[in-house]
1. Scan segment 75-85 and give yes if some residue there is among the polar types (S, T, N, Q), within 30 Å of TYR24 (Cβ to Cβ) and modelled with pLDDT of 75 or more, otherwise no.
2. Could you grab me the full set of residues in segment 86-116 that are among the aliphatic types (A, V, I, L, M) and at pLDDT 65 or above?
3. Hey, among the residues in segment 57-77 that are without any contact (Cβ under 8 Å) to a residue 40 or more places away in the chain and either in a helix (DSSP H, G or I) or hydroxyl-bearing (Ser, Thr, Tyr) (or both), which one's nearest to GLU17 (Cα to Cα)?
4. Kindly indicate the residue of segment 14-39 that is hydroxyl-bearing (Ser, Thr, Tyr) and either in a loop (DSSP other than H, G, I, E, B) or out of contact with any Ser or Thr (no Cβ under 8 Å at 6 or more places or on another chain) (or both) and also surrounded by the fewest Cβ atoms within 10 Å (Cβ to Cβ) among those meeting that condition.
5. With respect to the numbered conditions (1) under 18 Å from VAL34 (Cβ atoms); (2) in contact (Cβ under 8 Å) with a residue 24 or more places away in the chain; (3) outside any strand (DSSP E or B), which one is the sole condition not fulfilled by ARG80?
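The values are calculated or read from the model by the stated rules, or taken from the named source; none is laboratory data. Since the model is a prediction, treat every value here as computed from it, not as a measurement. Here the Cβ positions follow ideal geometry from the backbone for every residue, glycine too, while neighbour counts run over all protein chains shown.
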Amino acid sequence: MKQNTTTTGSTAKARREQAAYQRYVARQLGPQQVGGIYRSGYWDDVYEVLAIRTGSPWQITVRALGETRIRTHCTGWDERRDEVVAEPGDAALTVWADNALTRLASTGALLEQRHALDEAAHPATVAAFHQLARTAQIA
């Protein structure tokens, strides 16, 4: 029985193209991961990665530390100019918190971040205020 080589050939070609595209996206993303913090040589700012879309076209969604504006773009990683500030996890949280606490609170985003950090640092005080608000029927 004769095998249909046209279908098999086109399937193999599609797999090769998909694998090539995945390698291309991996090169464009470099070390960036969701939750990591990086310094952009192009934008000259420090940002956190919020989302990565590896489909076609690939996209990365970022927010500069201390800002509320979210950008989605497909600017590739430049090993000569870009740098890893902190990988996802505790190190990234520390960088984010240090940035929020050391910059002038000139934007609403920084004020909100400082408020969240203050609540996290003083859970007993926050719980007491919540209890006081319930007791005084302040909601």
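1. Taking segment 75-85 as the starting set, the residues that turn out to be among the polar types (S, T, N, Q) are 75.
Those left that are additionally within 30 Å of TYR24 (Cβ to Cβ): 75.
Now restrict to residues that are modelled with pLDDT of 75 or more: 75.
Yes: one or more hits.
2. Of segment 86-116, the ones among the aliphatic types (A, V, I, L, M) are 86, 91-93, 95, 97, 100-101, 104-105, 109-111, 116.
ALA86, ALA91, ALA92, LEU93, VAL95, ALA97, ALA100, ALA116 - these are the residues of segment 86-116 that are among the aliphatic types (A, V, I, L, M) and at pLDDT 65 or above.
3. THR75
4. The first filter runs over segment 14-39 and keeps only residues hydroxyl-bearing (Ser, Thr, Tyr), leaving 21, 24, 38.
In the following step, the residues that additionally are either in a loop (DSSP other than H, G, I, E, B) or out of contact with any Ser or Thr (no Cβ under 8 Å at 6 or more places or on another chain) (or both) were identified as 24, 38.
Numbers: TYR24: 12, TYR38: 23.
Ranking the candidates gives TYR24 first.
5. With (1) under 18 Å from VAL34 (Cβ atoms); (2) in contact (Cβ under 8 Å) with a residue 24 or more places away in the chain; (3) outside any strand (DSSP E or B) applied to ARG80, the lone miss is (1).
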